[in-house]
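Asker: The structure's right below; bear with me while I get my questions together.
FYI, it's all coordinate maths here, none of it is from the lab. Quick caveat, the model's predicted, so the values are computed rather than measured. Cβ coordinates were reconstructed from backbone atoms using ideal geometry, including for glycine residues, and neighbour counts include every protein chain displayed.
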Amino acid sequence: MTTLITILALLFAALFILVTLAEKYGSRDTEKTAKLSRYIIPLMIALVAAQVIRFVFFPEHG
């Protein structure tokens, strides 16, 4: 349980740092943002598919 809390704390800290940096140095160009945003859904689908494959073909033993 301690490991889980440590991992979650590190993830939230990294998220906070990335959001802060993105707001400070991020581009406000809407055209560039639109180009990048079209890749989000396919990447999410690929991530879900990879997790399903991992779950089905590589189950944890424990």
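Asker: With a/c under 1.5 counting as rounded, go ahead and sort segment 2-57 into rounded, prolate or oblate using the C-alpha gyration tensor (a ≥ b ≥ c being the square roots of the eigenvalues; past the cut-off, prolate if a/b is larger than b/c, else oblate). Don't skip to the answer; put the middle values down first.
Answerer: Values: a/c = 6.58, a/b = 1.18, b/c = 5.57.
In terms of gyration-tensor shape, oblate.
Asker: List, in order, the whole-Hz ³J(HN,Hα) value for each residue of segment 16-31 obtained from phi through the Karplus relation with A = 6.51, B = -1.76, C = 1.60 and θ = phi - 60°; use x for Gly and Pro.
Answerer: Per-residue couplings from phi come out as 4, 5, 5, 5, 4, 5, 5, 5, 6, 10, x, 7, 9, 6, 6, 5 Hz.
Asker: Specify the angular offset, from 0 to 90 degrees and rounded to the nearest 10, of the alpha carbon long axis of helix 40-57 from the longest principal axis of the alpha carbons in the chain.
Answerer: Taking the Cα atoms of the chain, the angle to 40-57 is about 10 degrees.
Asker: To the nearest 20 Debye, how big is the dipole of the chain about its Cα centre, given +1 on the beta carbon of each Lys and Arg and -1 on that of each Asp and Glu?
Answerer: Numbers: 6 positive and 4 negative charges, 39 e Å.
Dipole magnitude for the chain comes out near 180 debye.
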